[in-house]
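K.L.:
Can you read through this structure? Questions will come right after.
The values are calculated or read from the model by the stated rules, or taken from the named source; none is laboratory data. Bear in mind that the values here come from a model prediction, so they are computed numbers and not experimental data. Cβ sites come from the backbone with ideal geometry, for glycine too, and all protein chains shown count toward neighbours. Only protein heavy atoms, including side chains, enter the accessible area calculation; ligands, DNA and RNA are left aside. Shrake-Rupley method; radii C 1.70, N 1.55, O 1.52, S 1.80 Å.
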Amino acid sequence: MVDVTTTQGTPLRPQAVEPAQAPTTRRGRLALLGPGLVLAAASVGAGDMVTSLAGASGYGMALLWAILIGVVLKFVLTEAVGRLYMATGQTVIASLRSVGRWLPPAFFLFVLVIGLLYGAALSSVASLALSTLFPVLPARSLGIAIALASAALVYVGRYALFERVMSVFILVKFLGMVVLAVAMLATMDDLPGLVSSMRPRLPQGDVVTVLALIGGVGGTAGIASYSYWVREKRWQHRSWLPVMRADSAVSYAVTFLFVLCTTIVGTGLLYGTGNTISGNDGLAALADPLGADLGSAARVLFLLTFFFVTLSALVGGFNALCYLLADSLRTMRGIPETDAEPHMAQNSRPFRAFVVYCAAASIAVTFMGKPVALVLTYAAFGSLILPLLSGALLVLLNRRGIEPLYRNKIMSNVLLSGAFLLFGVLAVVQVKETF
């Protein structure tokens with residue numbers, strides 16, 4: 001393979017042989033979808049459940065418009081990440097180097113800090129769901145076991161296995177929440193009240209809740225890692241562009257339906273009661289009133305759904321973070337895309353070393369009791385990724401060296417600009433709250 005560069009200095013897709021053509025039938029394209037399901041499974045976590053339930057407790061279904069805006073903006077970001085890889089044959093991190101040489105090291109630092117706490121935070125939440133279901137299980141030991149099992153799955157698995165596992169996760173947690181939402185609708189006494197609460201409104205004096213809903217739908221590291229999963233599928237020819245767009249659209253359709261179902265459950269259970277939910281402890285505590293309303297089977301289903309939501313985010317997050325770390329290190333070392341496999345593939349030494357780092361950090365931080373300073377630093381660093389990514393995509397996908405088919409159109413530029421402003425404001429709010 002040869003690395004071709006345009007006169008403008010923008011690297012083009014490195015290839016010696018024309019990649020395989022995508023199928024032309026709708027059924028053939030749908031059969032190949034996968035990275036989007038991985039993204040949906042990795043991105044929707046307990047935080048999304050808490051945010052949507054908290055919004056529903058105060059406003060019912062009235063803030064669905066905010067959730068929809070968040071879904072649209074993150075779809076635009078994800079599609080742009082996939083399109084950038086298809087246009088250049090380079091990952092996001094490698095492309096960032098052409099914007100500023102400081103960006104790959106900055107991403108490396110951001111993700112290194114996130115990886116320090118990610119496993120401990122999510123494994124403790126997953127153990128909370130299981131220990132609530134089975135009180136005899138020790139929460140700390142359970143959390144460590146979950147973190148190690150998740151890291152082991154990422155360490156030994158190839159992408160095909162990883163994709164299949166994540167597809168099962170998304171199926172389980174999606175069906176679980178759909179069943180709960182249907183059961184809530186079937187037993188609700190005031191169904192007209194739920195319908196009337198769907199009237200869009202903008203809460204006065206509570207803009208933070210709206211911003212949290214918009215920014216809380218879907219993930220951050222998963223979006224930045226989407227190009228790695230597209231790369232694994234070898235979607236490189238222009239004929240694969242509709243497949244990639246359909247794949248990312250399916251991801252956010254599933255995400256929106258999941259959050260919609262969560263909002264229905266929250267509205268039926270909390271709206272108008274004066275009760276609210278805050279944090280993962282509140283999420284676990286919600287299982288008892290849900291069981292009182294819908295029966296013990298609903299309580300078990302909710303806790304299992306809660307567990308798989310967190311577990312899928314943990315496994316997917318480990319994979320995404322290790323890709324970003326390994327690729328950032330490769331880019332900083334100046335290793336070209338043609339020689340990238342030994343330095344960033346799932347079976348490469350750097351990738352597996354970062355899996356070990358995430359697992360070891362999970363255990364260490366769990367025993368340290370999750371120090372507040374580290375948690376706040378993690379939140380602040382994580383909030384900076386999306387505005388940085390949005391701004392970079394605006395620059396990278398408007399260059400003349402990008403083939404017109406892949407270049408940003410007017411609507412893409414408008415939405416990416418909106419994402420840059422919105423997620424920038426959210427980052428400022430998060431950093432302000434942190435420091």
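K.L.:
What figure in square angstrom, to the nearest 10, would you give for the accessible area of T263 with a 1.4 Å probe?
P.N.:
0 Å²
K.L.:
What is the spin-label model distance, in nm, from V300 to R101 if the labels are put 7 Å beyond Cα along the C-beta direction?
P.N.:
6.1 nm
K.L.:
If you don't mind, another one. On average, how much area does the Cα convex hull of the range 23-127 cover when viewed from any direction, in nm²? Walk me through the numbers before you get to the answer.
P.N.:
Numbers: hull surface 40.4 nm².
Averaged projected hull area, Cα only: 10.1 nm².
K.L.:
Taking a 1.4 Å probe, which of S417, S43 shows the most accessible area, and what order do the others take after it? Intermediate results must be reported in sequence, preceding the final value.
P.N.:
Values: S417 45, S43 15 Å².
So, going from the largest accessible area down, we get S417, S43.
K.L.:
Which one of R27, R299, R349 has the biggest mean-square fluctuation once the chain is modelled by GNM with Cα springs under 10 Å?
P.N.:
Judging by the Gaussian network model, the answer is R27.
K.L.:
Another one. For n ≥ 4 DSSP H runs only, could you compute -39500 (n - 2.57) per run for the chain, divide by its residues and tell me the 222 nm figure to the nearest 500?
P.N.:
On the way: 20 runs with 320 residues, N = 435.
About -24500 deg cm²/dmol.
K.L.:
Can you order the peptides 281-289, 54-62 by their average number of other Cβ atoms within 10 Å per residue, highest first?
P.N.:
Descending mean neighbour count gives 54-62, 281-289.
K.L.:
So for the pair L171, E433, with labels modelled 7 Å out along Cα→Cβ, what separation do we get in nm?
P.N.:
Spacing of the two 7 Å Cα→Cβ label points: 3.7 nm.
K.L.:
Within the chain, how many Lys pairs sit with Cα atoms under 26 Å apart, leaving out pairs fewer than 8 places apart on the same chain? Working shown, then result.
P.N.:
Working: K74/K173; K74/K233; K74/K409; K74/K432; K173/K233; K233/K409; K370/K432.
Count of close lysine pairs: 7.
K.L.:
Next question, about the same structure. Keeping all protein chains in position, work out how much accessible area I363 exposes to a 1.4 Å probe, and write it in Å² to the nearest 10.
P.N.:
50 Å²
K.L.:
Sticking with this structure for a sec: Applying a 10 Å radius around every beta-carbon, put 194-200, 114-120 in order of their mean neighbour count, most first.
P.N.:
Values: 194-200: 14.0, 114-120: 24.9.
Descending packing order for the listed peptides: 114-120, 194-200.
K.L.:
Can you give me the % of accessible surface on the range 296-358 that is carbon or sulfur? Probe 1.4 Å, all protein chains present, nothing else counted.
P.N.:
Details: 1240 of 2000 Å².
The computed percentage sits at 62.
K.L.:
Would the range 77-209 count as rounded, prolate or oblate if I go by the C-alpha gyration tensor, calling it rounded below 1.5 in a/c and otherwise prolate when a/b exceeds b/c, oblate otherwise?
P.N.:
The shape class here is oblate.
K.L.:
Another question, then. Before I look further, what does the chain give for accessible area per residue, probe 1.4 Å, in whole square angstrom?
P.N.:
Dividing the accessible area of the chain by its residue count gives 41 Å².
K.L.:
Modelled label-to-label distance, V156 and V356, 7 Å Cα→beta-carbon offset: nm?
P.N.:
Spacing of the two 7 Å Cα→Cβ label points: 1.7 nm.
K.L.:
Moving on. Taking all protein chains as present, what is the carbon and sulfur share of the accessible area of the range 109-232, in % to the nearest whole number, probe 1.4 Å? Let's see the in-between values first.
P.N.:
Working: 3860 of 5430 Å².
Carbon and sulfur atoms account for 71 percent of the accessible area of the range 109-232.
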